[in-house]
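Written below as structure tokens is the structure these notes are about.
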Amino acid sequence: MTRPPEQLDAVLAVLRATVPGAPDLAPDTELLSSGLLDSLGIVAAVGALEEAYRIEFPPELLVPDHFVDACALSAALSYALAAAARPAGPEAAR
């Protein structure tokens with residue numbers, strides 16, 4: 001799934017705003033292994049992205065692999081956006 005560059009820029013902006021002392025984040029900056037992002041940072045970043053895009057991250061996307069770096073989080077956001085665009089429930093089958 002391809003992601004527009006603006007989406008990665010938005011993820012980086014959210015991370016820069018929610019990760020203390022991380023103004024120089026690059027798309028491939030290690031977030032978890034470096035200790036830049038912890039559980040509270042994950043909650044803040046997901047909350048900010050959900051608010052900005054008016055979506056909810058499905059629970060299956062809230063796993064460490066999606067918070068390794070900004071690229072991984074951008075990929076998770078792509079899936080969350082796709083899931084939000086799909087109709088749900090019995091009405092979708094009609």
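The values are calculated or read from the model by the stated rules, or taken from the named source; none is laboratory data. Fair warning: this is a prediction, and the values are worked out from it, not measured in the lab. Reconstructed Cβ throughout: ideal geometry from the backbone, glycine too, with neighbour counts over all protein chains shown. Heads up: the accessible areas ignore ligands, DNA and RNA and are worked out on the full protein's heavy atoms, side chains in. Shrake-Rupley method; radii C 1.70, N 1.55, O 1.52, S 1.80 Å.
Values for this structure:
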quantity: Residues of region 52-80 that turn out to be over 11 Å from V11 (Cβ atoms) and outside any helix (DSSP H, G or I), as a count; calculated: 8
quantity: Test set (1) open to solvent by less than 90 Å² (accessible area, probe 1.4 Å); (2) without any contact (Cβ under 8 Å) to a residue 24 or more places away in the chain - E6 fails condition number; calculated: (1)
quantity: Out of L49, L31, L15, sole residue that is part of a loop (DSSP other than H, G, I, E, B) and open to solvent by less than 10 Å² (accessible area, probe 1.4 Å); calculated: L31
quantity: Matching residues, region 56-65, being within 15 Å of S39 (Cα to Cα) and open to solvent by 40 Å² or more (accessible area, probe 1.4 Å); calculated: P59, L62, V63, P64, D65
quantity: L40 being modelled with pLDDT of 90 or more and touching a helix residue (DSSP H, G or I) at 6+ places or on another chain (Cβ under 7 Å); calculated: no
